[in-house]
Amino acid sequence: MTTEPRTFPPRTLSAVKAVYARQAGCPSSFALAVADFEPRAEGVRFGTADTCTVPGWPDARVTELQEAFGSGVREELEEFATLNPGTTVAVAVVLRSIKVHEVDSHPRAFRQVGRQAVQNALAAAYGPPSTPWPRLS
């Protein structure tokens, strides 16, 4: 069986939305992000658009959330590359916008939403995963 090498992303994936919301008591978590995944010659590059701001929040706090999103993206892409040795990851990820909750948004939630954004981009590029989620009894 011959498998053609593939590259992620195979095309530009615009406005990939990801939400991470956990409300199982205190503390809760909330993060919403929209990002573009664009093909690149090699490697992984992360950037933020000028539109990625949060009115009323200090720039340093917003930057911390953006960096956490970038960390989650890199972690998930690294895991994907490890599990799919025939796939080359060559992507520029541009964070377009974020939404926050004044209490429940924190770097850990944005790291998780970064990972979710990659999973959503992979599903948009290649379809849903071949292994379904386990059913709960």
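The values are calculated or read from the model by the stated rules, or taken from the named source; none is laboratory data. Note that this is a predicted model, so its numbers are computed, not measured. Cβ sites come from the backbone with ideal geometry, for glycine too, and all protein chains shown count toward neighbours.
Identify the residue in the range 9-33 that is touching a helix residue (DSSP H, G or I) at 6+ places or on another chain (Cβ under 7 Å) and assigned to a loop (DSSP other than H, G, I, E, B) and, among all such residues, is surrounded by the fewest Cβ atoms within 10 Å (Cβ to Cβ). Out of the qualifying residues, it is P10.
Residues that are under 21 Å from Y126 (Cβ atoms), without any contact (Cβ under 8 Å) to a residue 60 or more places away in the chain and more than 15 Å from the chain's Cα centre (by Cα) do not occur anywhere in the range 52-74. Look at the range 92-137 and say how many of its residues are modelled with pLDDT under 90 and either of a type in the set (S, T, N, Q) or touching a His at 6+ places or on another chain (Cβ under 7 Å) (or both). Of the residues in the range 92-137, 4 are modelled with pLDDT under 90 and either of a type in the set (S, T, N, Q) or touching a His at 6+ places or on another chain (Cβ under 7 Å) (or both).
For the range 49-84, residues that are in contact with a Phe, Trp or Tyr (Cβ under 9 Å, 6 or more places away or on another chain), modelled with pLDDT of 90 or more and either of a type in the set (K, R) or over 19 Å from Y20 (Cα atoms) (or both) total 3. Quick one: is T53 part of a helix (DSSP H, G or I) and surrounded by fewer than 18 Cβ atoms within 10 Å (Cβ to Cβ)? In short, no.
Tell me which residues, restricted to the range 37-46, are among the charged types (D, E, K, R) and closer than 20 Å to P107 by Cα. The one that is among the charged types (D, E, K, R) and closer than 20 Å to P107 by Cα: R45.
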